[in-house]
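First the structure, in the form of structure tokens, and then the observations on it.
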Amino acid sequence: MSILLDRSNRVLVQGVTGAMGTFFVEDAGRYGTQIVAGVSPGRDGTVVGGVPVFKNVAAACAATGADTSMVFVPPAQVLGAVVEAIEAGCRLVVATADEVPVRDAIAIRTLARQKGAAFVGPNTPGIISPGKAKMGFMPSFCYAPGRVGVISRSGSLSYESCKRLTLNGFGQSTVIGIGGDPIKGTTAGEALGHFHADPETDAILYLGEIGGSEEEFVAAYARSTGAKPVAALIVGAVAPPGKKMGHAAALIGSKAEGHAAKLALLRNAGVHVAHALEGVVDAMRSALATCQSHNQDIPLRSKRA
Amino acid sequence: MLMLEHEAKALLRFVGIETPRGETRKAGERRPWGGAYPIAVKAQVPGGGRGKQGGVLRADDAQQMQRAVDEIFGMSFAGEVPSAVLLEPWVPIRRELYLSLAVDAQADGYVLLYAPQGGIHIEDGPPPTAYRFGAPEAFRVHEFRAVLESCESDYRVREKVVVLGQRLVATAAAHDCTTIEINPLAQLESDELVALDAKIVRDEWAAFRNTAIKNLIDEEHTRADPYLRASLEMKHMYVRLDGDIGLISGGAGMTMAAMDMIAAQGGRPACFLDASPGPTSTRGYRPAIAMLDADPAVKVILVSIFGGGTQMQRVANAMKELMPERKSDKPMVFRLDGTNVHEVPGILAAFGARNCDTLEEAVGEAVRLARSAA
């Protein structure tokens, strides 16, 4: 299994006629994602990469049974596009755009919760269930099917870390980019809940950074009874306080948001904390070692895809 | 985008929140203070901890005022020289309170924070009490009041804070603020509540619908030197640090991971420079390399990009095109990985460069080169 995304999702692409939309249809389709429709107002009736284009999401869903949307529109249009997808009944919506106003992210988050839809984004490479499907633009060669669930606040850091896991034989069930913004469509807490419920995920790797309070979700999960083992890497050890490190959420505003405090919080909760990027594979190995005794019949290592 | 104190206070007054009536002075400006003494002389710098660093002085007469102004313009705060000073009446305070609005993941939106004892030592005391309501439409006066009942015993103060809180929520929503911190919120002898200091962060991603934010960004670009300005116009995220390894990276997380690795190997990063938000082509990297080439503190440039949407042969080709344009012979170290990385070694070899296989190797090389240049 995997979380949120597998071969069963019927995916439509909003903004399909743009460069990213068109590239996605080809790249993700090749990977195995079931892409059934495109949406581009005023361009309905055309075809992109073999996929029929509709004028709006409702029409695309009615004609193709699409239940999942990949959104590639400019930041100012993200709110409108995601609301359209959720209200048309999509169960999963992914929007990768960065530079989405926080006020808009709050509005999306509120609606998604009301409607029971999952939203991944903004400011994320997306989500991939290796060997099954991808919704986003992550480089496919970094991933292999396996039993580690990965949650990341940063796109490029997740590529780098997953490549290291894959080269060392630790495949992934799903890798979810929760994004670098302060308000996330899917929080680390929710992603942990999904991985906890997934029988094919043995352990979780959390890739975090300075700023914000997302790591408190991770510590709370790791402390809970019956939690799966968690490894973590937090970057930003040498970042000065009060300066935004690229991501809107990567700003140390208080001591609790600094590197040392987050490391202490996670260590005290029993998380296997990597001292730095170089230690991410070892941290994963030690986390997996703690669950090996419970799940001896489940193969922990998988061959590279 | 952090507003300066005097800009933040102007916004608070605009929405009906009382602040002391102050005036700003630029460096070299000798205009006297027209009001009564004593006054507070306050450095106008982005970033916190100003009070603890001596950036707020008291002046009891015109002479003291001028001495304080000159002193503050001679100071720097985390590398930033004050762009102005703010002169304000020194008000007698009965109690310092703390009130702020922030964006918080656990709130699914906004949170209001209140502490009955505020001031510059707020972080040393017990954490403020939080009212997490999320979307602005979900704010309820009676819920906030109930939260305040647990920490503020004076009901008259409580009622004033409830009103202020409601106003902060409306202001954040209407003006795209991600933080509004009033610390201290001063209770005067008259019982009136006044914002003695204010820190407001505006959401720069809302600039497309908010001219005030667009102007703040433009002003920041104008203040920047020509090299930095060119880089900012490419939407690069740049923070200058005090080291000598000029890091050009892609993605905030990987940029920080590379900074951490540089420090762990005994080196010092000269900057946080995330070049991924702008064009990842010759046009995008040109100002980044020009800026680091022109910066005398930078001894070596490390280009570390792990791209998904960004294709690596394009980055390598951009580097190849830019090499002949450079006016500096600072060494450069490359570590490119990601989509189409197999094409990279051939492209770099055309100008005598080599692609490091791992970040560890690239950082090691950069640290060694920086050391031998020192």
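Please treat every number below as a calculation from the coordinates, not as lab data. Computed from a predicted structure; not experimentally measured. Positions of Cβ are backbone-derived with ideal geometry, glycine not excepted, and every protein chain shown enters the neighbour counts.
Some notes on this structure:
- Global geometry of region B:20-89, whether rounded, prolate or oblate, following the gyration tensor of its Cα atoms and the 1.5 cut on a/c: prolate
- Paramagnetic label zone (point 7 Å from Cα along Cα-to-C-beta, B:Thr282; backbone N under 11 Å) in region B:311-352: B:317-325
- Take every Cα pair under 8 Å whose residues are at least 6 apart in sequence, average their separation, divide by the length of chain B, and the relative contact order is 12 percent.
- The protein assembly as shown pair-distance distribution - Cα-Cα, 10 Å bins, rounded %: 3, 15, 24, 26, 19, 10, 3, 0, 0
- Averaged over the residues of peptide A:140-151, the number of Cβ atoms from other protein chains lying within 10 Å of each residue's Cβ is 1.
- Cβ-to-Cβ counts within 10 Å put B:Lys214, B:Lys9, B:Lys52 in ascending order as B:Lys52, B:Lys214, B:Lys9, the fewest first.
- The separation of region B:1-66 from region B:219-233, counted between C-alpha centres, amounts to 26 Å.
- Relative contact order (%) - region A:11-120, alpha-carbon pairs under 8 angstrom, separation at least six: 23
- Mean per-residue shielding of peptide B:245-253 is 6, counting Cβ atoms of other chains within 10 Å of each Cβ.
- Cβ-derived FRET efficiency at R0 41 Å, A:Cys291 paired with B:Ala174, nearest 0.05: 0.25
- Gyration tensor verdict on region B:224-373 (Cα atoms; rounded if a/c is under 1.5, prolate if a/b is larger than b/c, oblate otherwise): rounded
- Efficiency of FRET from Cβ geometry, B:Val163 and A:Asp44, R₀ 35 Å, rounded to 0.05: 0.10
- The simple spin-label model puts a point 7 Å past each Cα toward its Cβ; for B:Glu123 and B:Glu71 those points are separated by 2.4 nm.
- For chain A, averaging the sequence separation of C-alpha pairs within contact (under 8 Å, six or more residues apart) and dividing by the residue count gives a relative contact order of 15 percent.
- Full-stretch length increase - B:Arg368, B:Ala297 - with 0.36 nm per residue and alpha-carbon distance subtracted: 24.0 nm
- Counted charge near B:Ala36, where neighbours are those whose Cβ lies closer than 14 Å (Asp, Glu -1; Lys, Arg +1): -2
- Computed from the C-beta positions of A:Thr225 and A:Ala256, the FRET efficiency with R₀ = 22 Å rounds to 0.30.
- Annotation: the residues B:Thr280, B:Thr24, B:Thr222, sorted from fewest to most other C-beta atoms within 10 Å of their own C-beta, follow the order B:Thr222, B:Thr24, B:Thr280.
- For chain A, built as a Gaussian network whose Cα springs stay under 10 Å, the top-fluctuating residue of A:Pro130, A:Pro229, A:Pro241: A:Pro241
- Cut-off 14 Å, label 7 Å out along Cα→Cβ of B:Arg31, residues of region B:209-248 by amide N: none
- Within chain A, DSSP assigns beta bridges of which about 20% are antiparallel (rounded to the nearest 5).
- Relative to the compact-globule estimate of 2.2 N^0.38 Å, the Cα radius of gyration of region A:143-183 comes out at 1.14.
- Over chain A: helical MRE at 222 nm, DSSP H runs n ≥ 4 each giving -39500 (n - 2.57), nearest 500: -10500 deg cm²/dmol
- Order of B:Trp205, B:Trp33, B:Trp90 - criterion: other Cβ atoms within 10 Å of each residue's Cβ, fewest first: B:Trp90, B:Trp33, B:Trp205
- Helix-only CD estimate at 222 nm, as mean residue ellipticity for chain B, using -39500 (n - 2.57) per DSSP H run (n ≥ 4): -11000 deg cm²/dmol
- Cα-based convex hull, region B:93-208, per residue volume (Å³, whole number): 106
- Every Cα-Cα pair in chain A was counted, and those over 34 Å apart are 19% of them.
- For the protein assembly as shown, the antiparallel share of DSSP beta bridges with both residues in that region comes to about 50%.
- Angle between chain A longest axis and helix A:75-87 axis [Cα atoms, degrees, rounded to 10]: 80
- Principal-axis tilt of helix A:214-223 within chain A, Cα atoms, nearest 10 degrees: 60
- Stretched out straight at 0.36 nm per residue, the stretch from B:Glu233 to B:Gln313 would grow longer than its current Cα-Cα span by 26.4 nm.
- Extension reserve of the B:Asp225-B:Ser150 stretch, reckoned as 0.36 nm per residue once the Cα distance is removed: 22.0 nm
- With the highest mean first, a sort of the peptides A:54-67, B:171-184 on other beta-carbon atoms found within 10 angstrom per residue produces B:171-184, A:54-67.
- For residues of A:155-166, the mean tally of beta carbons on other chains within 10 Å: 6
- Cross-link reach list, lysines versus A:Lys163, counting only Cα pairs under 24 Å and skipping chain neighbours closer than eight places: A:Lys132, A:Lys134, A:Lys228, A:Lys303
- Neighbourhood net charge (12 Å Cβ-Cβ; Lys/Arg +1, Asp/Glu -1) for B:Ala374: +3
- Which listed pairs, of A:Lys115/A:Lys184; A:Lys184/B:Lys160; A:Lys243/B:Lys199; B:Lys26/B:Lys199; A:Lys255/B:Lys199, have C-alpha distances above 25 Å, in listed order: A:Lys184/B:Lys160
- Most mobile listed residue (B:His342, B:His221, B:His236) in chain B, GNM with C-alpha springs under 10 Å: B:His342
- Its alpha carbons considered, region B:161-261 gives a radius of gyration followed by a Dmax of 18.7, 55 Å.
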